[in-house]
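Have a look at the structure below before the remarks.
Here, each number is a calculation from the coordinates, and none is a lab measurement. Note that the structure is predicted; figures quoted are calculated from it, not measured. Here the Cβ positions follow ideal geometry from the backbone for every residue, glycine too, while neighbour counts run over all protein chains shown.
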Amino acid sequence: MSHLVKNYNRRKIAFKRGKGSYLYSTNGKKYLDFVQGIAVNSFGHSNPYLSKAINKQTKKVWHVSNAFIIPEGEKLAKRLTQKTFADYVLFQNSGAEATEAAIKAARRYFYAIGKPNKNRILCIKNSFHGRTLGAIFASGSKKMTEGFGPKVPGFDHFKFGDHNGLKKAITKNTAAIMCETAMGESGIKVIPEWCLKGLRKICNKRKILLILDEVQCGVGRSGKFFAFDYAKIKPDIVPIAKGIGGGFPLGAVLMNKKVASTLTAGSHGSTFGGNPLAMSVGNAVMDLIFKKGFLKNVQKISKYFMVELKKIKEDYPEIIKEVRGIGLLLGLQLHGDQTKFIKELEKNKLLTIKAGENVIRILPPLNVRKQEIDLAIKIIRNTCNQESNL
Ligand SMILES: *Cc1c(COP(=O)(O)O)cnc(C)c1O
């Protein structure tokens, strides 16, 4: 009997080891893993370069308090700011913590400039920002908030794509708009470039902050370091997590100078955030992401994957309704419930995971090989064939 709380619907499968895009189960089966811990293992399982980096650090120093200078963190923060819009970085341990800190930073900014009533955060209804109390009420999803009241105040919502609703929802008390550049959990819905530009304009005009949650779509997953880089805009605050640790828990909030300047000593903190072990892996992930041509290759291979998935959709329109995504954050929307199809893919040795709106999420490691994508395509095609013959 398992003594773990039953808050997960776990599949009856466990793994003894992983290598790159593959996982080996305890009962001797080999799976192509296109879940990768939900977009966490940017470089697949047990990547030798990342292993070496963390191993090296374990022999030096694992953890010290943020009461001291952490050179590995100084280095990672510097690199993150050199490569992005950000001037400053705040390290956390997870996505939810990073989005919470992003919300805190936005509120603190208006407090510090003498506008404490500007404290409401405007979010997309049924988005996903994590599972802390603040984050679930930011998401505004009934399923996630059920039984966890009283409601955390301070969040307003608009519907994805509802531009008028968005404009109307901004009040004199709005501090920031917060949304995922590409919505992951809720069904791989990508905010188009022109809308991102529009969001930036609205925020400028109304003098509010723009928070883009790139916890899932950031750190190279989209084919650029940030998914919003395609739109050539600069948000004010960006929480990241999943991909930056390559499998080690690590979150961060990137922000511009005006926001960062209001987070003075003692205003926020984390015991584990930015510890040397996490920083060593973060730095190693940055080494790999910014290797010459790497992101270009993510763009190239994801384009190929997308085209092949669309061909399957053309051949099986009665099963697949839509192919969605950006970079290697891909989704197959089925006409009906996707649970059974995911199970069939698993039987055929391809691991994928569910998202909202009947979507099957496909998340290969960023260094996936073409032959592995070809194998996934073959398995998805066979599974469609199998299903349509039923
Ligand atoms: C996963 C996710 C989070 C929460 O991250 P955790 O590490 O699970 O707390 C927040 N925002 C987005 C967009 C995510 O995909």
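Data overview
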quantity	calculated
Phi to ³J(HN,Hα) by Karplus 6.51 cos²θ - 1.76 cosθ + 1.60 over segment 196-204, Hz, x for Gly, Pro	5, 4, x, 4, 4, 5, 4, 5, 4
Rounded FRET efficiency, nearest 0.05, which uses the C-beta distance separating residue 6 from residue 386 and R0 of 30 Å	0.45
Between segment 124-163 and segment 19-86, the alpha-carbon center distance in angstrom	30
Neighbour-count order for 203, 123, 217, 195, fewest beta carbons within 10 angstrom listed first	195, 203, 123, 217
Cα long-axis angle, helix 276-289 against the chain (0 to 90 degrees, to the nearest 10)	60
Least to most buried among 315, 337 (fewest other Cβ within 10 Å first)	337, 315
Additional length obtainable on full extension of the chain from residue 113 to residue 270, 0.36 nm per residue less Cα span	54.0 nm
Alpha-carbon centroids, segment 331-390 and segment 261-290: separation in whole Å	35
Most mobile listed residue (237, 188, 379) in the chain, GNM with C-alpha springs under 10 Å	379
Most to least packed among 219-228, 84-93 [average Cβ atoms within 10 Å]	219-228, 84-93
Under 15 Å, Cβ to Cβ, from residue 313 - net charge with Lys/Arg +1 and Asp/Glu -1	-1
Segments 24-35, 342-353, 173-184 sorted - mean Cβ within 10 Å per residue, highest first	173-184, 342-353, 24-35
Low-density loop cleavage sites - GluC sites (Glu not before Pro) in segment 276-327, where at most 15 other Cβ are within 10 Å (DSSP)	318
Kirkwood Rh, Cα atoms: Rg over Rh of the chain	0.96
Antiparallel bridges, percent of DSSP beta bridges restricted to the chain (to nearest 5)	65
